[in-house]
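Novice: Can you keep this structure in mind? I'll have questions shortly.
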Amino acid sequence: MSESKNVKPNIEDVIENVLNADVLENALSLIAYFRENKMKPGWSATNVWKISYKTYTVCFIRLYGAADYHNLKAGSWHIVPFIGEYEEDVLSDELKEIVWTNKTTCSGCGKCALELDKIFGKEFDYACEKSIVFTNPDTDAIECIKKLIDLRREDIKEGKAKKHKYIPMKKGKFMEIRRLTVADSSDLLDLLVRLDNETSFMMFEPDERDTTLENMQQRLSNTNESMLGAFDNEKLVGFISFSRGRANRVKHTAYIVMGVLSSHTGQGIGKLMLSSIEKLAIKQNVTRLELTVMTHNANAIRLYEKMGFVKEGVKKNAMLIDGNYFDEYYMGKILCV
């Protein structure tokens, strides 16, 4: 057997073969910076390298040819520097703007890395130590990356850094959970129609929903309702919404509705969406979440109870489906804020 099969590829060699000429120089200069400062690039997976310092990860570099869910185009690359709970004044205003511009959201921040409340003083709905992703960084971005790496190295030297921990989703899926906007109106409407046809656990019967695209755009513009979507390679496969009470005495409460395509059930998406909507609710000073679920929907009830919801009562004959009445449970969860 050839020994070459056990040789890990050298990052400089692969970069020169993969990257376009207009981004190659910056990538090579950054690798040189790592080596000069005793940070070792270690091969992690196909076209993926982990950069380490004193056994701690400081960043990941991925090139075109890495796993498809990284969405890298031919000739491109990106770098994910690890960040921490840094004070706002450790970066200049110019560098902070560069960081915030490159903020991304993926499969439930805090699930595979250290969750953050703020990034250099700015609050985000979701953030973790891997939320900043630079794709084909220019010269200014490279200088910003070096500053972030320097901050990480200082934390490592001072014993403040935590080691990277990765927790994959079930079945190896990579999901993006993010806030839905007006731009998602058409995709959301299509998803709801599909759910109406797939399951009897939704409110509407097949072909009953008369929501128009304009209705959906208005709904996603409603400040009293918040909606998140689950995306599998940019395809919307699930949603969760919560609507706050309008009167002052019930503004602290929110009612939840959620749904996931049958092709994506059993993969942990519901748990991710519930966890994400709870974080959003807390940020909006909501202290009680509530929902209803048919009493024979055992999988949903099991999920809700696992996430801390409790049964509070029964709605008798709440739903009429194909001539048969079905009961629903009232369920609620009190949040700590």
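Novice: Restricting attention to segment 31-58, which residues are of a type outside the set (S, T, N, Q) and farther than 16 Å from Glu12 by Cβ? Step through it out loud before you land on a result.
Specialist: The first filter runs over segment 31-58 and keeps only residues of a type outside the set (S, T, N, Q), leaving 31-36, 38-43, 45, 48-51, 53-54, 56, 58.
Passing the criteria: Lys38, Ala45, Tyr53, Lys54, Tyr56, Val58.
Novice: Right, another one. Quick one: Tyr69 ticks every box in (1) aromatic (Phe, Trp, Tyr); (2) in a strand (DSSP E or B); (3) modelled with pLDDT under 90 bar one, so which box is it?
Specialist: Result: Tyr69 fails condition (2) only.
Novice: Please go through segment 309-337 and pick out each residue that is assigned to a loop (DSSP other than H, G, I, E, B) and either loosely packed, with under 14 Cβ neighbours inside 10 Å or touching a Ser or Thr at 6+ places or on another chain (Cβ under 6 Å) (or both).
Specialist: Residues satisfying the conditions are Asp322, Gly323, Leu335, Cys336, Val337.
Novice: For segment 203-222, check the following and say yes or no: at least one residue is of a type in the set (Val, Ile, Thr), outside any helix (DSSP H, G or I) and over 29 Å from Phe124 (Cβ atoms). Working first, answer last.
Specialist: As a first pass, look at segment 203-222 and keep what is of a type in the set (Val, Ile, Thr): 211-212.
Adding the requirement that they be outside any helix (DSSP H, G or I) leaves 211-212.
Okay, now just the ones that are also over 29 Å from Phe124 (Cβ atoms), so 211-212.
Yes, some residue in segment 203-222 is of a type in the set (Val, Ile, Thr), outside any helix (DSSP H, G or I) and over 29 Å from Phe124 (Cβ atoms).
Novice: Tally up the residues in segment 214-249 that are over 22 Å from Met202 (Cβ atoms) and surrounded by 12 or more Cβ atoms within 10 Å (Cβ to Cβ), please.
Specialist: Kept after step one, since they are over 22 Å from Met202 (Cβ atoms), are these residues of segment 214-249: 221, 223, 233-234, 245-249.
Those left that are additionally surrounded by 12 or more Cβ atoms within 10 Å (Cβ to Cβ): 233, 245.
Number of matching residues: 2.
Novice: Follow-up. Just to verify a result, which residue in segment 25-66, among those that are β-branched (Val, Ile, Thr) and not in a loop (DSSP other than H, G, I, E, B), is farthest from His78 (Cα to Cα)? Walk me through it before giving the result.
Specialist: The initial filter retains those residues of segment 25-66 that are β-branched (Val, Ile, Thr), namely 31, 46, 48, 51, 55, 57-58, 61.
Remaining after also requiring not in a loop (DSSP other than H, G, I, E, B): 31, 48, 51, 57-58, 61.
Numbers: Ile31: 13, Val48: 10, Ile51: 13, Thr57: 16, Val58: 14, Ile61: 6 Å.
Filtering segment 25-66 for residues that are β-branched (Val, Ile, Thr) and not in a loop (DSSP other than H, G, I, E, B), the one farthest from His78 (Cα to Cα) comes out as Thr57.
Novice: Shifting gears a bit: Which of the residues that make up segment 4-24 are in a loop (DSSP other than H, G, I, E, B) and over 30 Å from the mean Cα position of the chain (by Cα)? Steps first, answer last, please.
Specialist: So the first thing to find is which residues in segment 4-24 are in a loop (DSSP other than H, G, I, E, B), and the list is 7-10, 19-20.
Within segment 4-24, Val7, Lys8, Pro9, Asn10 qualify.
Novice: State whether the residues of segment 238-249 include one that is without any contact (Cβ under 8 Å) to a residue 40 or more places away in the chain, of a type in the set (Lys, Arg) and assigned to a helix (DSSP H, G or I).
Specialist: yes
Novice: Taking into account only those residues within segment 84-121 that are over 21 Å from Asn136 (Cα atoms) and assigned to a strand (DSSP E or B), which is modelled with the lowest pLDDT?
Specialist: First, the residues of segment 84-121 that are over 21 Å from Asn136 (Cα atoms): 84-93, 107-121.
This time we only want the ones that are assigned to a strand (DSSP E or B), so: 115, 118-119.
Values: Glu115: 76, Lys118: 87, Ile119: 92.
Looking at the filtered set, the residue picked out is Glu115.
Novice: Something else now. Could you look through segment 116-142, keep only residues that are free of Cβ contacts under 8 Å to residues at least 40 places away in the same chain and out of contact with any strand residue (DSSP E or B) (no Cβ under 9 Å at 6 or more places or on another chain), and pick out the one that is surrounded by the most Cβ atoms within 10 Å (Cβ to Cβ)?
Specialist: Step one: list which residues in segment 116-142 are free of Cβ contacts under 8 Å to residues at least 40 places away in the same chain, which gives 116-122, 124, 127-128.
Now restrict to residues that are out of contact with any strand residue (DSSP E or B) (no Cβ under 9 Å at 6 or more places or on another chain): 118, 120-121.
Details: Lys118: 13, Phe120: 22, Gly121: 13.
Checking each candidate, the answer is Phe120.
Novice: In segment 47-89, how many residues are of a type in the set (Lys, Arg) and crowded, with 22+ Cβ neighbours inside 10 Å?
Specialist: Narrowing segment 47-89 to residues of a type in the set (Lys, Arg): 50, 54, 62, 73.
Narrowing the set further to residues that are crowded, with 22+ Cβ neighbours inside 10 Å leaves 62.
Going through segment 47-89 one residue at a time, the tally reaches 1.
Novice: Next question, about the same structure. I'd like the full set of residues that are in contact (Cβ under 8 Å) with a residue 60 or more places away in the chain and either under 16 Å from the mean Cα position of the chain (by Cα) or within 26 Å of Asn324 (Cβ to Cβ) (or both), limited to segment 266-292. Write out each step before concluding.
Specialist: Of the residues in segment 266-292, the ones in contact (Cβ under 8 Å) with a residue 60 or more places away in the chain are 266-269, 272-273, 275-276, 279-280, 283.
Result: Gln267, Gly268, Ile269, Leu272, Met273, Ser275, Ser276, Lys279, Leu280.
The values are calculated or read from the model by the stated rules, or taken from the named source; none is laboratory data. Values in this document were obtained by computation on a predicted structure and should not be read as measured data. Note that each Cβ is placed from the backbone with ideal geometry, even for glycine, and that neighbours are counted across all protein chains shown.
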